[in-house]
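Since the structure comes first, as structure tokens, the remarks are kept for the end.
The values are calculated or read from the model by the stated rules, or taken from the named source; none is laboratory data. Note that the structure is predicted; figures quoted are calculated from it, not measured. Methodologically, a virtual Cβ is constructed for each residue, glycine included, from the backbone with ideal geometry; neighbour enumeration extends over all protein chains shown. Remember, those area values only see protein heavy atoms, side chains included, never the ligands or the DNA or RNA. Shrake-Rupley method; radii C 1.70, N 1.55, O 1.52, S 1.80 Å.
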Amino acid sequence: MLILGIETSCDETGLALYDSDKGLIDQVLYSQVDLHADYGGVVPELASRAHLEKIQIMTNELFSKKIIETNEIDVFAATCGPGLIGSLLVGSTFTKSLAISFNKPFIPTNHLEGHILSTSFNNNIKFPNLILLLTGGHTQVYLMKNKNEIELLGQSVDDAIGEAFDKTAKLIGLSYPGGGEIEKQALKG
């Protein structure tokens, strides 16, 4: 099965062609780090506008490589949550439109499940296992009983770790994104 997956939950526009037998075929990614750097964090309205500006260009770039014929795609999938609502709407609406135009199914995906399940793509995971999910917007602990049974055990009730690093970096005059900058400074003692 050939899947086109589109991710626009926050500040990166990502497209990937994935074959269930061959694995990842190709991908394109646009990062908005430079766009948000002056603000010390992601500005939702700027993020959604950047997705809108880039998504069609990136799709054409991916298809122009002629790795596959577009009519070979079996399923179109897009992140539908959680994330920044404007960004999610850009990606999901665009992907649904592609699915309709090719008369193929559309599958909504969960951003956090994507993070969790991605650990098993290149690794042999033994179950059950504990997942610590640390992203810009989420700090959560999950119990993964198997690939289909994932239980949230706990999460931060305030800022996520990534957000806290970004805010701290901004307060002490470091650049965005904050996590990497704080780590560089910490290594210096």
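Filter the stretch 149-164 down to the residues that are open to solvent by 70 Å² or more (accessible area, probe 1.4 Å) and at pLDDT 90 or above, then identify the one that is farthest from I125 (Cα to Cα).
Taking the candidates together, the pick is Q155.
Could you give me the residue pairs with C-beta distances under 6 Å whose first residue belongs to the stretch 53-64 and is of a type outside the set (F, W, Y), whose second residue is buried (at least 16 other Cβ atoms within 10 Å of the Cβ) and part of a helix (DSSP H, G or I) wherever it lies, and which are 6+ apart or on separate chains?
Here the result reads I55/F94, each pair linking the stretch 53-64 to a residue that is buried (at least 16 other Cβ atoms within 10 Å of the Cβ) and part of a helix (DSSP H, G or I).
Counting just the residues of the stretch 131-140 that are open to solvent by less than 50 Å² (accessible area, probe 1.4 Å) and in contact with a strand residue (DSSP E or B) (Cβ under 8 Å, 6 or more places away or on another chain), which one comes out modelled with the lowest pLDDT?
H138
Can you confirm whether S20 is more than 16 Å from the chain's Cα centre (by Cα) and either at pLDDT below 95 or not charged (D, E, K, R) (or both)?
So S20 fits the description; yes.
Show the residue pairs meeting these rules: Cβ distance below 6 Å; 6+ apart or different chains; first residue within the stretch 8-37 and buried (at least 19 other Cβ atoms within 10 Å of the Cβ) and in a strand (DSSP E or B); second residue aromatic (F, W, Y) and at pLDDT 95 or above.
T13/Y30
So F94 clears everything in (1) of a type outside the set (V, I, T); (2) farther than 28 Å from L15 by Cβ; (3) at pLDDT 95 or above; (4) in contact with a helix residue (DSSP H, G or I) (Cβ under 6 Å, 6 or more places away or on another chain) except one condition, right? Which one?
The number of the failed condition is (2).
Please determine, by comparing only the residues of the stretch 38-51 that are among the hydrophobic types (A, V, I, L, M, F, W, C) and in contact (Cβ under 8 Å) with a residue 40 or more places away in the chain, which one is farthest from S175 (Cα to Cα).
A47
Kindly list the number of the only condition in (1) among the basic types (K, R); (2) surrounded by 12 or more Cβ atoms within 10 Å (Cβ to Cβ); (3) more than 19 Å from the chain's Cα centre (by Cα) that fails for R49.
For R49, the failing item is (3).
Pull up the stretch 65-83, narrow it to residues that are modelled with pLDDT under 95 and either in contact with a helix residue (DSSP H, G or I) (Cβ under 7 Å, 6 or more places away or on another chain) or not in a loop (DSSP other than H, G, I, E, B) (or both), then point me to the one that is surrounded by the fewest Cβ atoms within 10 Å (Cβ to Cβ).
N71
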